[in-house]
Amino acid sequence: MPHVCLLLSGAALLVNGLAALGHLPRRDAAVLGMLVGTLQLVLGVVVLSLDGAAGSAPAAAGILLFGLTYAYVGLDTLLDLGSKGLGWFCGMVAFVAVLLAFFWFPADPLLAVLWLAWAVLWGLMFASLALGRSRLDPFIGWALVLASQVTATVPAFLGIAGLWPYSAQVAAAAAGLLGLLFLAAGVLARRRPPGEWPAPENPGTLAALPRRARR
């Protein structure tokens with residue numbers, strides 16, 4: 001079940017990244033986020049109810065954190081809440097993600113690396129939404145697009161197929177690849193001339209996005 005949730009996360013992260021880059025209306029991404037978030041919250045409760053199953057509580061915690069994030073992002077966009085609270089929530093989740101990475105590292109180094117990558121994504125959202133660092137928004141969009149498939153979709157298929165790797169070598173290779181992807185996201189974000197990004201209208205929101213992306 002966690003691998004199915006991871007597959008859904010790959011889709012949600014990709015669509016949110018495309019919306020952040022202005023390729024999709026943000027309301028479209030918000031609807032998908034609400035659907036995925038609601039489903040993951042339900043599945044997270046189911047996993048949490050599996051008392052006695054090895055790793056059920058940590059797995060459920062991860063599913064619920066993702067589900068709450070997608071649902072909150074969807075509500076924030078659809079209800080125009082202002083994103084400040086969402087930003088601080090992302091900051092808290094980034095901290096918990098680091099703790100989960102340390103928890104999983106002895107038994108599952110690859111999952112620990114993935115949690116560190118997700119912590120970076122949540123941390124970037126915290127910086128943009130809570131601290132008003134809207135200049136990070138193009139980088140966040142590319143980071144979501146590039147990291148979505150490597151941290152969610154591909155690992156989900158590996159888990160579903162029963163091919164999940166537990167070796168430290170694979171985890172190290174994944175860490176190196178993710179580092180390159182974040183570097184590529186920074187390069188791609190710089191390709192858009194700064195003048196194409198309008199000045200923020202509402203501090204603490206993803207206001208640096210093109211206007212067509214904030215419909």
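The values are calculated or read from the model by the stated rules, or taken from the named source; none is laboratory data. Note that this is a predicted model, so its numbers are computed, not measured. Virtual Cβ from ideal backbone geometry, glycine too; neighbours counted across all protein chains shown. Remember, those area values only see protein heavy atoms, side chains included, never the ligands or the DNA or RNA. Shrake-Rupley method; radii C 1.70, N 1.55, O 1.52, S 1.80 Å.
Residues in region 88-98: is at least one more than 14 Å from the chain's Cα centre (by Cα) and over 19 Å from residue 147 (Cβ atoms)? Yes, some residue in region 88-98 is more than 14 Å from the chain's Cα centre (by Cα) and over 19 Å from residue 147 (Cβ atoms).
Residue 137 meets each of the listed conditions (1) more than 21 Å from residue 65 (Cβ to Cβ); (2) over 18 Å from the mean Cα position of the chain (by Cα) apart from (2). Looking at residue 7, is it of a type outside the set (Lys, Arg), surrounded by 23 or more Cβ atoms within 10 Å (Cβ to Cβ) and touching a residue at least 40 places away in the same chain (Cβ under 8 Å)? Spelling it out, it is not the case that residue 7 is of a type outside the set (Lys, Arg), surrounded by 23 or more Cβ atoms within 10 Å (Cβ to Cβ) and touching a residue at least 40 places away in the same chain (Cβ under 8 Å). Screening the candidates 59, 12 for the property of being small (Gly, Ala, Ser), open to solvent by 10 Å² or more (accessible area, probe 1.4 Å) and within 25 Å of residue 159 (Cα to Cα) yields one hit, 59. Scanning region 37-49 for residues that are open to solvent by 10 Å² or more (accessible area, probe 1.4 Å) and within 17 Å of the chain's Cα centre (by Cα) yields a total of 3.
I want to confirm something. Restricting to region 16-36 and keeping residues that are of a type outside the set (A, V, I, L, M, F, W, C) and either assigned to a helix (DSSP H, G or I) or without any contact (Cβ under 8 Å) to a residue 60 or more places away in the chain (or both), which single residue is most open to solvent (accessible area, probe 1.4 Å)?
The extreme case among them is 27.
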